[in-house]
């Protein structure tokens, strides 16, 4: 089994922004048609390239999810979905169906968690998954049987890419971001700690909990800040950790690619 797991809005938003003629206030029907056509062609190219036996486009259900319950400011600065893109989604669903690709949403959970659960489930069955996304959070899943692929740069976001960019092992990405934060998600991490310092701490101590346990022995302002921000860091770690055990209520056969 080889599954192509598509991070729907990650792909669709980028195509929407790249297609000329975007009218944020009064969406142009011609622009919407071009977005739908470009998205459909892009997904078809991915299907031709990766040749999956199973495929699914995972989309966001919208509204609050479990991350908002533990951190109400999660994604508070994220701009709302453009009106034209919202109008395009029903037509995109119909195009996915014509391509033989299933679409999946699940209220209360983000697409990232659904993708992580699917990839883990397929891995347990000794199958392969390719997650089509530019989102670095998916890289925490990298392991035998789970790949992450940047469809636009046409490159795998593999172990070497993660090491080069973030200086940590892929499974340690939540530990890194719990310290450094992520402004795009409105999660600050630990004040005054950047990615470089966070990577140094994670590599030296092994994981977030080990860093926090050692905070009292870390000299200067850094140790004091870590000691005073332990709970914020633990909350951030939960926000950056993808769920892999969601009850999806589907059978993998439902995701079989039928061109």
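The values are calculated or read from the model by the stated rules, or taken from the named source; none is laboratory data. Here the structure is a predicted model, which means the values were calculated and not measured. Using ideal geometry, Cβ is built from the backbone for each residue, glycine included, and neighbour counts are taken over all protein chains shown.
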Which one of these is closer than 23 Å to residue 184 by Cβ and at pLDDT below 95: 90, 80? 80
Within the range 88-144, work out how many residues are surrounded by fewer than 17 Cβ atoms within 10 Å (Cβ to Cβ), touching a strand residue (DSSP E or B) at 6+ places or on another chain (Cβ under 8 Å) and either farther than 30 Å from residue 31 by Cβ or not assigned by TED's automatic domain parsing to the domain that holds residue 14 (or both). 0
Do you know which residues across the range 51-87 are touching a helix residue (DSSP H, G or I) at 6+ places or on another chain (Cβ under 7 Å) and loosely packed, with under 14 Cβ neighbours inside 10 Å? 70
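Okay, residues lined up against (1) closer than 19 Å to residue 61 by Cβ; (2) without any contact (Cβ under 8 Å) to a residue 12 or more places away in the chain:
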| position | (1), (2) |
| --- | --- |
| 86 | yes, yes |
| 89 | yes, no |
| 95 | no, no |
| 105 | yes, no |
| 115 | yes, no |
Evaluate the range 213-236: report whether one residue or more is within 17 Å of the chain's Cα centre (by Cα) and outside the structural domain of residue 129 (by TED's automatic domain parsing). yes
Considering (1) outside any helix (DSSP H, G or I); (2) within 24 Å of residue 141 (Cα to Cα), say which one residue 80 fails and leave the rest. (2)
State all residues of the range 177-208 that are touching a helix residue (DSSP H, G or I) at 6+ places or on another chain (Cβ under 9 Å) and more than 21 Å from residue 163 (Cα to Cα); if no residue qualifies, say none. 185, 187, 188, 190, 191, 192
Of (1) surrounded by fewer than 12 Cβ atoms within 10 Å (Cβ to Cβ); (2) more than 21 Å from the chain's Cα centre (by Cα); (3) not assigned by TED's automatic domain parsing to the domain that holds residue 50, residue 251 satisfies every one except (3)
Being assigned to a loop (DSSP other than H, G, I, E, B), closer than 26 Å to residue 135 by Cβ and without any contact (Cβ under 8 Å) to a residue 60 or more places away in the chain narrows 190, 202, 211 down to just 190
Which condition number in (1) in a helix (DSSP H, G or I); (2) modelled with pLDDT of 95 or more; (3) closer than 23 Å to residue 109 by Cβ is the one that residue 164 fails? (3)
Kindly provide the set of residues from the range 214-227 that are closer than 21 Å to residue 238 by Cα and outside any helix (DSSP H, G or I), ordered by number. 214
